[in-house]
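Here's the structure, in structure tokens; my notes come after.
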Amino acid sequence: MQRGNDGDKLPAGALILRLFKSSDGTVPPEAFQLSAKDKQQDVPRLSTSAEALCTRAQAHAITQRRYTHACSLNVDDVRALRPDPDDPRMRSPDVEWETALDPSSGQPCTQPGAEGHCGITELDQGGLANIKALRKSLYRQLARLANDRARATL
Amino acid sequence: MIAVRPIEFPQTETVAQVRSLIRATPSIFDTSTADHPLVLAKQFVSTLVGQEISEDVAERAMVLLADLRQVLPGLDVPTLAPGPDGLLGMTWENARYHVNIEVLADGSVEYFGEDLISHALWSEDHTEPTLSDGLLAQLQQVR
């Protein structure tokens, strides 16, 4: 797999990693929530890594071993998600390349595996009635997708 | 759309009476209770304190969980997980229902429930952990 430019979509069928922490290894909906800092970005994206360019061990090191587990998602499944109940005004999530930044310097991260950094978009949509519940429904669906696939303890 | 089922408590006490009895729930750091799943939950949450969540969030979450397990006997310990910005999540799920509680950094809580068959969503926000009738009704469904 070749890395694309920031904002380019990952190719169909690509697998992405998301690291998380939970009491029993189950992927929780909290693993898919954007932080307040994430939401301030021009294009808010939830950090993930393309498995073809970043191993679990590399992702673990890049995130300073803060997490205990890793889960995997297929970008096709992510793109197929719809809020439930559906609202046609809500956009489906997508997965785009994004340059990983070193949190301390703000400069591009040069650690091994950083080239695989990408992010899930459209997790912070607003403007609709009941939007908070719709967003939580999306987090729940992402967690279920991840729980249906292989998970690993780091 | 709201799908809330009536609460069906097989009990003689009223919900208010039960609530009044459980105010003295011990601290998160008190693991002397015989509720071993709760002890394990507290041990996990205590590992998050100072890193992902504050002691206040941990305390509020564990008091709420202990209270819920007293009001709803048989309620499993949920999946516990830290989220962004200092929140702690608790999730119960079965084949049909999903219930999530988030204790936020400011001490407020967000409750969310989803019926995976009817697609009904339910949510409540409170300024502090509350054993609301809506939450109890949702948790009855995942007990």
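Every read-out reported here was derived from the displayed coordinates using simple, explicitly stated rules and does not represent laboratory data. Given the structure is predicted, the values throughout are model-derived calculations rather than measurements. Neighbour counts are summed over all protein chains in view; Cβ atoms, including those assigned to glycine, are modelled from backbone coordinates with ideal geometry.
In table form, for the structure just shown:
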{"read-out": "Rounded FRET efficiency, nearest 0.05, which uses the C-beta distance separating A:R91 from B:T130 and R0 of 30 Å", "value": "0.35"}
{"read-out": "For B:L48, net neighbour charge (Lys/Arg +1, Asp/Glu -1) across residues whose Cβ lies under 15 Å away", "value": "-3"}
{"read-out": "Label-point separation in nm, A:I131 to A:Q40, each point 7 Å along Cα→Cβ", "value": "1.9"}
{"read-out": "Per-residue ³J(HN,Hα) for the stretch B:63-74, Karplus 6.51 cos²θ - 1.76 cosθ + 1.60, θ = phi - 60°, Hz, x for Gly and Pro", "value": "5, 4, 5, 4, 4, 5, 6, 7, 6, 10, x, x"}
{"read-out": "Between the stretch A:66-80 and the stretch A:90-121, the alpha-carbon center distance in angstrom", "value": "14"}
{"read-out": "Angle between chain A longest axis and helix A:131-147 axis [Cα atoms, degrees, rounded to 10]", "value": "50"}
{"read-out": "Average other protein chain Cβ within 10 Å of Cβ, residues A:4-10", "value": "0"}
{"read-out": "Tensor-based shape of the stretch A:45-154 (alpha-carbon gyration tensor, a/c under 1.5 rounded, otherwise prolate or oblate)", "value": "prolate"}
{"read-out": "For B:117-127, mean number of other protein chain Cβ atoms within 10 Å", "value": "2"}
{"read-out": "Charge tally in the Cβ shell below 12 Å around A:L138, where Lys, Arg are +1 and Asp, Glu are -1, A:L138 excluded", "value": "+1"}
{"read-out": "Protection proxy ranking of A:103-115, B:57-69, B:126-138 - average other beta-carbon atoms within 10 Å, highest first", "value": "B:57-69, B:126-138, A:103-115"}
{"read-out": "Qualifying lysines (Cα of each under 21 Å from Cα of A:K132; at least 8 residues distant if same chain)", "value": "A:K37, A:K39"}
{"read-out": "Peptide B:69-82 - average C-beta neighbours from other chains (10 Å radius)", "value": "3"}
{"read-out": "The protein assembly as shown, Cα convex hull volume normalised per residue, Å³", "value": "135"}
{"read-out": "Positive-end residue of A:C109, A:Q125, A:Y139, charge dipole of the stretch A:103-151 with Cβ unit charges", "value": "A:Y139"}
